[in-house]
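Heads up: the structure comes next, in structure tokens.
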Amino acid sequence: MVFDFSEFSASYFARRPFFVPKVNSGILDALEGLPFLHSLESLLDRWPGSVQVHLPDLRDEASSLETDAERALSFYAQGMGLLFNDAHVLSPLLQGWLQSIRQEIGLSALTYGRNLIYATPDGQGTATHFDQNINFVLQLRGIKRWTIAPNTQLKNPMTRHTLGLPVDPEMLTYLEAPMPTQMPPGAESFELRPGSLLYVPRGCWHSTEAEGDALALNFTFTAPTWIDLVTAALRGRLISSSDWRDTADLSEEKFDGLLQDLIQDLPSWRARDILAVTEVSGDQ
């Protein structure tokens, strides 16, 4: 396990950041056994796919381009941050840690868990934004300062949002207050050094800045919401009916009849039946 869940759980359920100045040496020793994490150069030498470059106009993935590992270093030398997606495919160790963290937290088997590696040049970082996923950041090299603030504009976002950019149409339907123009009040600061771990709750505003060249390993979990589980169950239930599979001809009378059948069926639904399907199928 990457961290002690008994210490972490209070912060997790309260949706507060959780900071460990330095994780245990066994974890760091295990990571030292992964050559691609030794430095940015070693990572680029072994990286098999594309690299995301965060452009200087926004310093955020909302303004980025894809390049190959060979060219990525030249962008980095110009002060642009790099993002390496799905790094767990390079390591069974990381894949195992992702699985154990997901299970310890109690996330659905349908959760998309992955490792991201951020390479950030000195003085650079990410613009203020929030994510729809759960993040754990393990600092590998250099220093990175994080600023994290509670999100009072909305709870449980379904998509990410960067300060100053247009709000997506669906998010507008559940936005509770106007978006801020700067980092909201109540922010906390955390300085991550090699071996430091930071949990960033889903939906919290945050920004970063590196001191010296920094390399960080993220454990990121995009978990299904109750909406996702019930809509998956609903589709699975309705697909067995030839009437529901019929082409929608926009007949209100026919549609009302189908909805009435569904209303009569819903009282028999039980959470255990839905979870028995989603969790078993997700672990296969």
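Condition check ((1) surrounded by 13 or more Cβ atoms within 10 Å (Cβ to Cβ); (2) closer than 19 Å to Ser39 by Cα) across all residues:
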position: Ala72; (1), (2): yes, yes
position: Phe75; (1), (2): yes, yes
position: Gln78; (1), (2): no, yes
position: Leu83; (1), (2): yes, yes
position: Val89; (1), (2): yes, yes
position: Ile105; (1), (2): yes, no
position: Ser108; (1), (2): yes, no
position: Thr111; (1), (2): yes, no
position: Asn115; (1), (2): yes, yes
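Of the set (1) within 19 Å of Ser64 (Cβ to Cβ); (2) touching a residue at least 12 places away in the same chain (Cβ under 8 Å), all apply to Pro166 but (2). Does Ser242 satisfy being outside the structural domain of Phe36 (by TED's automatic domain parsing), more than 30 Å from Leu43 (Cβ to Cβ) and either within 35 Å of the chain's Cα centre (by Cα) or modelled with pLDDT under 90 (or both)? For Ser242, the condition - outside the structural domain of Phe36 (by TED's automatic domain parsing), more than 30 Å from Leu43 (Cβ to Cβ) and either within 35 Å of the chain's Cα centre (by Cα) or modelled with pLDDT under 90 (or both) - is not met. Within the stretch 11-29, residues that are in contact (Cβ under 8 Å) with a residue 40 or more places away in the chain and closer than 15 Å to Glu188 by Cα reach partners that are of a type in the set (A, V, I, L, M, F, W, C) and crowded, with 17+ Cβ neighbours inside 10 Å with beta carbons closer than 6 Å, at six or more positions or on different chains, in the pairs Ser11/Phe18; Pro17/Ile148; Phe18/Phe8; Phe19/Phe190; Phe19/Leu198; Val20/Leu197. Annotation: His206 fulfils all but one of (1) surrounded by 11 or more Cβ atoms within 10 Å (Cβ to Cβ); (2) outside any strand (DSSP E or B); the unmet one is (2).
Do we have any residue at all in the stretch 254-266 that's touching a residue at least 12 places away in the same chain (Cβ under 8 Å) and either in the same structural domain as Leu163 (by TED's automatic domain parsing) or hydrophobic (A, V, I, L, M, F, W, C) (or both)? Looking through the stretch 254-266, at least one residue is touching a residue at least 12 places away in the same chain (Cβ under 8 Å) and either in the same structural domain as Leu163 (by TED's automatic domain parsing) or hydrophobic (A, V, I, L, M, F, W, C) (or both). Of all residues in the stretch 188-198, those that are touching a Ser or Thr at 6+ places or on another chain (Cβ under 6 Å) and buried (at least 17 other Cβ atoms within 10 Å of the Cβ) total 0.
Take the conditions (1) surrounded by 17 or more Cβ atoms within 10 Å (Cβ to Cβ); (2) of a type in the set (A, V, I, L, M, F, W, C); (3) touching a residue at least 24 places away in the same chain (Cβ under 8 Å); Met183 misses just one of them, which is (1). Within the stretch 178-195, not a single residue is more than 30 Å from Gly26 (Cα to Cα) and under 19 Å from the mean Cα position of the chain (by Cα). Any chance the stretch 107-119 includes a residue that's over 27 Å from Lys22 (Cα atoms), of a type outside the set (Ser, Thr, Tyr) and without any contact (Cβ under 8 Å) to a residue 60 or more places away in the chain? No, there is no match, as no residue in the stretch 107-119 is over 27 Å from Lys22 (Cα atoms), of a type outside the set (Ser, Thr, Tyr) and without any contact (Cβ under 8 Å) to a residue 60 or more places away in the chain.
Every residue in the stretch 198-237 that is over 14 Å from Asn133 (Cβ atoms), basic (Lys, Arg) and in contact (Cβ under 8 Å) with a residue 12 or more places away in the chain, please. Arg237, the sole residue that qualifies.
Here are some residues: Pro184, Pro178, Pro157, Pro194. Which one is assigned by TED's automatic domain parsing to the domain that holds Gly96, assigned to a loop (DSSP other than H, G, I, E, B) and out of contact with any strand residue (DSSP E or B) (no Cβ under 7 Å at 6 or more places or on another chain)?
Sole residue among the options that is assigned by TED's automatic domain parsing to the domain that holds Gly96, assigned to a loop (DSSP other than H, G, I, E, B) and out of contact with any strand residue (DSSP E or B) (no Cβ under 7 Å at 6 or more places or on another chain): Pro178.
Scanning the stretch 224-238 turns up at least one residue that is more than 21 Å from the chain's Cα centre (by Cα), more than 29 Å from Ser39 (Cα to Cα), exposed (fewer than 11 other Cβ atoms within 10 Å of the Cβ) and not assigned by TED's automatic domain parsing to the domain that holds Val23. Meeting the requirement of 1 or more residues that are within 18 Å of the chain's Cα centre (by Cα), at pLDDT 95 or above and over 19 Å from Asp213 (Cα atoms), the strands (runs of 3 or more DSSP E) wholly within the stretch 40-140 are 64-67, 112-120.
The values are calculated or read from the model by the stated rules, or taken from the named source; none is laboratory data. Source: prediction; values computed, not measured. Positions of Cβ are generated from backbone atoms using ideal geometry, with glycine treated the same way; all protein chains shown enter the neighbour counts.
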